[in-house]
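Here you go, one structure.
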Amino acid sequence: MTTERVDSFISAVGATATVHTSTVEQFTETVTDVVTEPAIGTAIGLEGVSLDNTPVETDLTPVALEQAQTGVTPATYAIADYGTITVPTDDEGTELVSLYTPQHVAVLAASQLVPNMEAAYERFGAGFAENSETDGAQPQTQVFATGPSATADMGTLVQGVHGPHEVHIILVEDR
Amino acid sequence: MNTEKDGGTSTERRDAMAARLQSIMDSDGESIGRMTRTANQLSAYAYDQFDATEQLRGEGRKIKENAIENLPALLDQIQKSVESNGGTVHLASSAEDANRIIREIMAREDAEMLVKSKSMTTEELAVNDSLETAGYDVVETDLGEFVIQLADEKPSHLIGPAMHKSPGEIADLFNDTYGLTGDDALSDSPQELTAFAREKVGEQIRQADVGMTGANFVVAETGTLMLVTNEGNARKTAVTPPTHIAVAGIEKLVPSITDLQPFTELIARAGTGQDLTSYISLLTPPVETPIPDFEADTLRPADDREFHLVLVDNGRMAMREDEQLRETLYCIRCGACSNSCANFQELGGHAFGGETYTGGIGTGWEAGVNGTESAAEMGDLCTGCSRCVPRCPVKIDIPWINTVVRDRLNRGGDPDSFDLLVDGLTPDEESTGLDPQKRFFGNIETLAKVGSYAPRVSNAAISSQPGRWLLSQLFGIDSDRTLPALAEETLREWYGARGPQVANPERDVVLYPDLYTEYFDPERGKAAVAVLEALNCRVHIPPVPESGRAPLSQGMVETAREQAESVHSALVSQLDRGRDVVVIEPSDLAMFREEYERLLPEPSFTRLNENSYEILEYVYGLCENGESIDSLSTAAGPLSPVESRLRLRTETVAYHSHCQQRTLGLESYTTELLSDAGYSVRTASVECCGMAGSFGYKQEYAGVSRAVGEELADDFGDTVGELVVASGTSCQEQLGWLYDREVPHPVELLAPPGAD
């Protein structure tokens, strides 16, 4: 991971989301600062990173989902050119948590930051094909998410429709 | 003696059409205009700012071409991949078949309510009607579709179905529907309306038994769907209910995941001008997400999920076999063609007729899916201006598809209809039954030729009251418009008497005597001769027929082909002598450079294409290659003949390029040259003048044409003390009519004095 790539990611994200960089050690503090309670989350899956000792509940139920102000989830990749993250689908309900809560906090290792769309698709291509053949561990579904949900159907651009209206991205320095 | 159709005379039909278009402009025009013009400008900017636009347009085109070519194999593959993922594929041959399949799934799941995210394919199938008639509740979750559903209207745009409605109208609709009065009533604040609609729709998603989505692309290898959205409703619709039905046309198949990359990077840039939409889901159902049961507050295991992919033919396999309509299947439904269309910006989709699809490529879809007749009104609203062509992310020749459909409609016309008066004058290749208005404009060259034997008599007849009445009755020519007057002397008559006046030329050049320059406005031809001679070119003006643009614009393809062949024959010996062909009229140059590819054998097309130039493109080239602009009339130098005639000495020029000239990328030669000649040049951001050849003369479209033209005049603003110049015949006519003054061609401004 290069600092230029992080810089270009942050610049592409612009005003659509807030990017936080954090060490593994600082993660608990960073996430605690960012979330609005009640908060709900799914396992991040990064070594040394956990939602224990944070205000984030990990026991997902539909009612908890409806009441949560913040959803904390892992992201698979971030794309520097676009300020985009990709959100996986898993059996813990990451898709629901990233979608139903007004504030989404996505967490990923800074090493998962790829330069451009072509690089993202190269990685996907390998993952999806492998999965369809071997039912491997690669996520079958990825959502490219860029900023908050939005609509222009009511006459002008309005942010925050069915999906979140505020997005935070925590890049965890892992190397 | 008029054609009896739809129970009225042709004049009555044309008047009724004019009134209908006016009423749509009044009700939908303002909202549509604001939204489409914004999207169009943002899209132009997004294309321009992105380095890979052209590369990815090329790659996207190839992927679609190959996918349609290999469609049968991809259909086999998708069935296997979806089944191995645990879903079911249904192949539906028709709309009826698709609806039956969907109702059977509903019955098997014991479902009561279905929520839907936006899908034009389900509009095409009329899924909502089919389900509601069978007693199911259907709720649209895209806010625009939700509005349309409450209002019981049809979408007015491929991607912005409620684009024709203002926030005030939406507020009234919500207040009426939900009985909101007093303090509860909603205002016209878009934020408030969005929040209200989100709540209403959100409740329904949480309760629904089945979620239905479309798919922007379907990946055969993995069974993955690509869904492109901003609101997030498609994500919720796909994962919240236990059963997901995706409905997609068979043309949405692509081989592999990596094939999605060009489209991921292009679709939003083309459609909305965003780099990416908020969400692009690569969804491989049935997904692993547990099923939330909000009522019982439990999460059910993902194993309970059901997924059905309904792949719809409904005419598409026949389109694949149709050499001309096949290209329509490459369409990724971004809406860019509608946004870039001046008539669409003025009217919106409701004016374009058709059962499902509107505007731009909608003609191809309607013709393929609902039959040629249902595209009848659309084809006529396409003026062939070609501004959609550089916007299409998969490079579809949308004007050509409109021309082909118009040609098919012409040939399907009533063979007994009135042809008497023009028959003797019209040596065209068309079947009988062609609308006399189309025949009039399609054969304008012959009419001009005959008229020019006695121009004064012809002009007097045309501009007289009875003459205008006759034109309106017989040919549907708007009585507010005056057809251009024939010149006393044609360009070739003038040049024949005068002869070339360069003794030791550097070059020999053919000036193409286009129809308008030859018969109606020889002045711009004389100016072109003067400019070329001042730059040491010996000019030749051989007799060359009309390019075929006139018949092509009326959908008379075979007549246009004959013309193209005659043009090529007339020019081939000139090309053999190494002479370049210089063209004043951009729409004729566009024939040589674009449409002739479809009308002539490849070597003939290439020859003409490579050796023909727009007049100021050529002049610019001469000045770059050793000739001096100081030989011409410049802002500081002597007055050009047109400035003397108009008694206007000015250094500021308002310049309007021509649509096809822009598409060919030739606008900047004129602006650069005028700047180099010392003029301060202004251009407008509105691209189309609305005249478009015969379009603005036609009784039924004159009102739309005027409205489009007024957008341009508003954009130019005050032009007092300026010279207004335009490159196209139609643009000169329209601007001249709007400003009530002479609007010359820019070459006239550069012509040195005393050449004739």
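Here is a check on your reading of the model: is B:P286 more than 7 Å from chain A (Cβ to nearest Cβ), out of contact with any Ser or Thr (no Cβ under 7 Å at 6 or more places or on another chain) and either under 19 Å from A:Y77 (Cβ atoms) or crowded, with 18+ Cβ neighbours inside 10 Å (or both)? Spell out the reasoning first.
Values: more than 7 Å from chain A (Cβ to nearest Cβ): yes; out of contact with any Ser or Thr (no Cβ under 7 Å at 6 or more places or on another chain): yes; either under 19 Å from A:Y77 (Cβ atoms) or crowded, with 18+ Cβ neighbours inside 10 Å (or both): yes.
For B:P286, the condition - more than 7 Å from chain A (Cβ to nearest Cβ), out of contact with any Ser or Thr (no Cβ under 7 Å at 6 or more places or on another chain) and either under 19 Å from A:Y77 (Cβ atoms) or crowded, with 18+ Cβ neighbours inside 10 Å (or both) - is met.
Then there's this: Give the residue that is farthest from B:H90 (Cα to Cα), with candidates limited to residues of region B:239-256 that are crowded, with 23+ Cβ neighbours inside 10 Å and within 11 Å of chain A (Cβ to nearest Cβ).
B:T240
Would region B:689-705 turn up any residue that is without any contact (Cβ under 8 Å) to a residue 40 or more places away in the chain and surrounded by 19 or more Cβ atoms within 10 Å (Cβ to Cβ)?
We begin by selecting, within region B:689-705, every residue without any contact (Cβ under 8 Å) to a residue 40 or more places away in the chain; these are B:705.
Going one step further and asking which of them are surrounded by 19 or more Cβ atoms within 10 Å (Cβ to Cβ), we end up with B:705.
Yes, the conditions are met somewhere in region B:689-705.
Residue-wise test of (1) farther than 15 Å from A:H162 by Cβ; (2) facing another protein chain (nearest Cβ under 7 Å).
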site	(1), (2)
B:K165	yes, no
B:E169	yes, no
B:L173	yes, no
B:T181	yes, no
B:L193	no, yes
B:V218	yes, no
B:T224	yes, yes
B:N233	no, yes
B:T237	no, no
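Looking at region B:73-82, is at least one residue buried (at least 19 other Cβ atoms within 10 Å of the Cβ) and either more than 14 Å from chain A (Cβ to nearest Cβ) or closer than 30 Å to B:C341 by Cβ (or both)?
Taking every residue of region B:73-82 in turn, at least one turns out to be buried (at least 19 other Cβ atoms within 10 Å of the Cβ) and either more than 14 Å from chain A (Cβ to nearest Cβ) or closer than 30 Å to B:C341 by Cβ (or both).
Another one. Would you mind stating whether B:L311 is buried (at least 21 other Cβ atoms within 10 Å of the Cβ), in contact with a strand residue (DSSP E or B) (Cβ under 6 Å, 6 or more places away or on another chain) and either within 14 Å of chain A (Cβ to nearest Cβ) or not in a loop (DSSP other than H, G, I, E, B) (or both)?
Working: buried (at least 21 other Cβ atoms within 10 Å of the Cβ): yes; in contact with a strand residue (DSSP E or B) (Cβ under 6 Å, 6 or more places away or on another chain): yes; either within 14 Å of chain A (Cβ to nearest Cβ) or not in a loop (DSSP other than H, G, I, E, B) (or both): yes.
Here the answer is yes, as B:L311 does meet what is asked.
Scan region A:140-159 for residues that are in contact with a Ser or Thr (Cβ under 6 Å, 6 or more places away or on another chain), free of Cβ contacts under 8 Å to residues at least 12 places away in the same chain and either more than 7 Å from chain B (Cβ to nearest Cβ) or within 13 Å of B:A268 (Cβ to Cβ) (or both) and report the count.
Selection size over region A:140-159: 1.
Can you tell which of B:D259, B:D297, B:D303 is more than 7 Å from every other protein chain (Cβ to nearest Cβ), without any contact (Cβ under 8 Å) to a residue 60 or more places away in the chain and either out of contact with any strand residue (DSSP E or B) (no Cβ under 7 Å at 6 or more places or on another chain) or of a type in the set (K, R) (or both)?
Values: B:D259 fails: without any contact (Cβ under 8 Å) to a residue 60 or more places away in the chain; B:D297 fails: more than 7 Å from every other protein chain (Cβ to nearest Cβ).
Step by step, each of B:D259, B:D297, B:D303 is checked, and only B:D303 is more than 7 Å from every other protein chain (Cβ to nearest Cβ), without any contact (Cβ under 8 Å) to a residue 60 or more places away in the chain and either out of contact with any strand residue (DSSP E or B) (no Cβ under 7 Å at 6 or more places or on another chain) or of a type in the set (K, R) (or both).
Something else now. Determine whether B:S338 is assigned to a strand (DSSP E or B) and of a type in the set (S, T, N, Q). Full working, then the answer.
Working: assigned to a strand (DSSP E or B): no; of a type in the set (S, T, N, Q): yes.
Criteria not met by B:S338.
Pick from region B:602-658 the residues that are assigned to a loop (DSSP other than H, G, I, E, B) and of a type in the set (D, E, K, R): which of them is surrounded by the fewest Cβ atoms within 10 Å (Cβ to Cβ)? Break it down into steps so the answer makes sense when it comes.
Filtering region B:602-658 for residues assigned to a loop (DSSP other than H, G, I, E, B) gives B:625-628, B:632-640, B:647-651, B:657-658.
Cutting the leftovers down to of a type in the set (D, E, K, R) gives us B:627, B:647, B:649, B:651.
On the way: B:E627: 18, B:R647: 7, B:R649: 10, B:E651: 15.
If we take residues in region B:602-658 being assigned to a loop (DSSP other than H, G, I, E, B) and of a type in the set (D, E, K, R), then B:R647 is surrounded by the fewest Cβ atoms within 10 Å (Cβ to Cβ).
Next question, about the same structure. Taking region B:272-283 on its own, how many of its residues are hydrophobic (A, V, I, L, M, F, W, C) and either more than 7 Å from every other protein chain (Cβ to nearest Cβ) or within 22 Å of B:T36 (Cα to Cα) (or both)? Walk me through it before giving the result.
Taking region B:272-283 as the starting set, the residues that turn out to be hydrophobic (A, V, I, L, M, F, W, C) are B:276, B:280, B:282-283.
Now restrict to residues that are either more than 7 Å from every other protein chain (Cβ to nearest Cβ) or within 22 Å of B:T36 (Cα to Cα) (or both): B:276.
Summing the residues that are hydrophobic (A, V, I, L, M, F, W, C) and either more than 7 Å from every other protein chain (Cβ to nearest Cβ) or within 22 Å of B:T36 (Cα to Cα) (or both) in region B:272-283 gives 1.
Now, a different point. Looking at region B:357-368, can you tell me whether even one residue there is hydroxyl-bearing (S, T, Y), in a loop (DSSP other than H, G, I, E, B) and over 18 Å from B:D407 (Cβ atoms)?
Taking region B:357-368 as the starting set, the residues that turn out to be hydroxyl-bearing (S, T, Y) are B:357-358, B:363.
Restricting the remaining residues to those that are in a loop (DSSP other than H, G, I, E, B) gives B:357-358.
Filter once more, so that each one left must be over 18 Å from B:D407 (Cβ atoms): B:357-358.
Yes, region B:357-368 contains at least one residue that is hydroxyl-bearing (S, T, Y), in a loop (DSSP other than H, G, I, E, B) and over 18 Å from B:D407 (Cβ atoms).
From (1) within 27 Å of B:C334 (Cα to Cα); (2) modelled with pLDDT under 95; (3) touching a helix residue (DSSP H, G or I) at 6+ places or on another chain (Cβ under 8 Å); (4) of a type in the set (D, E), pick out the condition that doesn't hold for B:D6.
(1)
Got a number for residues in region B:310-327 being within 23 Å of the chain's Cα centre (by Cα) and under 12 Å from B:K252 (Cα atoms)?
Selection size over region B:310-327: 1.
Related question: For B:I63, indicate whether it is more than 31 Å from the chain's Cα centre (by Cα), crowded, with 20+ Cβ neighbours inside 10 Å and under 17 Å from B:G249 (Cβ atoms). Please lay out each step first, then the result.
Details: more than 31 Å from the chain's Cα centre (by Cα): no; crowded, with 20+ Cβ neighbours inside 10 Å: yes; under 17 Å from B:G249 (Cβ atoms): yes.
Considered against the rule, which asks whether it is more than 31 Å from the chain's Cα centre (by Cα), crowded, with 20+ Cβ neighbours inside 10 Å and under 17 Å from B:G249 (Cβ atoms), B:I63 comes out as no.
Looking at this structure, is B:S256 over 24 Å from the mean Cα position of the chain (by Cα) and under 22 Å from A:H104 (Cα atoms)? Give the derivation first.
On the way: over 24 Å from the mean Cα position of the chain (by Cα): yes; under 22 Å from A:H104 (Cα atoms): no.
So B:S256 fails the test.
Could you give every pair whose Cβ atoms fall below 6 Å, whose first residue belongs to region B:392-403 and is at positive phi, and whose second residue is in a loop (DSSP other than H, G, I, E, B) and among the charged types (D, E, K, R), counting only separations of at least 6 or pairs across chains?
Once the first residue is at positive phi and sits in region B:392-403, no partner that is in a loop (DSSP other than H, G, I, E, B) and among the charged types (D, E, K, R) comes close enough.
Residue by residue through region B:738-754, note down the ones that are of a type in the set (D, E) and farther than 17 Å from B:V583 by Cβ.
B:D740, B:E742
Taking the criterion of being at pLDDT 95 or above and not in a helix (DSSP H, G or I), would at least one residue in region B:552-574 satisfy it?
no
Would you confirm whether or not region B:617-632 contains a residue that is in contact with a Ser or Thr (Cβ under 7 Å, 6 or more places away or on another chain), of a type in the set (G, A, S) and either more than 16 Å from B:L750 (Cβ to Cβ) or at pLDDT 90 or above (or both)?
Let us first name the residues in region B:617-632 that are in contact with a Ser or Thr (Cβ under 7 Å, 6 or more places away or on another chain), namely none.
Taking every residue of region B:617-632 in turn, none turns out to be in contact with a Ser or Thr (Cβ under 7 Å, 6 or more places away or on another chain), of a type in the set (G, A, S) and either more than 16 Å from B:L750 (Cβ to Cβ) or at pLDDT 90 or above (or both).
The values are calculated or read from the model by the stated rules, or taken from the named source; none is laboratory data. Computed from a prediction, not measured in an experiment: that's the story for all the values here. Please note: Cβ atoms are built from the backbone with ideal geometry, for glycine as well, and neighbour counts cover all protein chains shown.
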